[in-house]
1. Multiplying the sequence separation of ASN67 and ASP82 by 0.36 nm and subtracting their Cα-Cα distance, what value in nm do you get?
2. Could you state the principal axis extents of the C-alpha atoms in the chain, from the largest down, to the nearest angstrom?
3. Tally Lys/Arg at +1 and Asp/Glu at -1 over every other residue whose Cβ is under 12 Å from the Cβ of LYS14; what's the total?
4. So for VAL33, VAL48, what's the accessible-area order with a 1.4 Å probe, most first?
5. List, largest first, the extents of the alpha carbons of region 44-89 along their principal axes, each in whole Å.
6. What's the long-distance tail for region 23-69, i.e. % of Cα pairs beyond 14 Å?
7. Which order do TRP55, TRP39 take by accessible area at a 1.4 Å probe, largest first?
8. Could you list the GluC sites (Glu not before Pro) in region 1-109 that lie in coil according to DSSP, counting only those with at most 16 other Cβ atoms within 10 Å of their Cβ?
Amino acid sequence: MDNHKFNEFIKIAKKLNDIEIIPLLMGSVGLEVVTGKNWDAQDLDIHVPGDERGWEVPPELNIYNWNEIVNIMKSMEYSLIDLHEHEFSTEGLAVEFGIIDTLPSFAGVQIEDLEMHEMEEVKYYLLNLEQYLSVYESSSKDSYRADKNNNKDIRKIDFLKSMLNGNQKTY
């Protein structure tokens, strides 16, 4: 597993912890941490507190503490490249922020069921295998994501089901 993206997440999470945000590492990088398998992550997906209505709220308002997050990312030499997607970029690495509070309605994952982890005094959340399966199954039904990532999502769903059934070993 390429630790570069995870190490960058820890750096960002430390700064988020400084403003009392405990982020959730989502996407392929989080899945790599949980499964030990390289999923060729293209970016970092970080979920933070925000309005549970998600896209119904203007992008500059739907993530709480957005201005502070922008300042943190700028201090780390990231540039905001897409406000609607809450996407930042630096030296070939993209970081997208999502809203942790949309998980219950989107995938049936309850915030209070998330497991907190700590590394180098940095606190963050990770989904477990069942929660990842719920998220990817919900994502695969989303038309935008289905067009963009469906083959990758289906591979992940099959792998997670196999792991949960005891047919795959963690790495």
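The values are calculated or read from the model by the stated rules, or taken from the named source; none is laboratory data. Bear in mind the structure is a predicted one, so any value in this text is a computation, not a measurement. Neighbour counts run over all protein chains shown; Cβ positions are idealised from the backbone, glycine included. Accessible surface areas use protein heavy atoms only, side chains included; no ligands, DNA or RNA. Shrake-Rupley method; radii C 1.70, N 1.55, O 1.52, S 1.80 Å.
1. 4.0 nm
2. On the principal axes, the chain reaches 45, 36, 32 Å in Cα extent.
3. For residues surrounding LYS14, the net value is -2.
4. VAL33, VAL48
5. Dimensions of region 44-89 along the principal axes of its Cα atoms: 30, 17, 17 Å.
6. 57 percent
7. Details: TRP55 165, TRP39 10 Å².
From most accessible down to least: TRP55, TRP39.
8. Numbers: sites: GLU8, GLU20, GLU32, GLU52, GLU56, GLU60, GLU68, GLU77, GLU85, GLU87, GLU91, GLU96; in loops: GLU20, GLU52, GLU60, GLU77, GLU85, GLU91.
Here the GluC sites (Glu not before Pro) that fit, given the DSSP loop and packing criteria, are GLU20, GLU60, GLU77, GLU85, GLU91.
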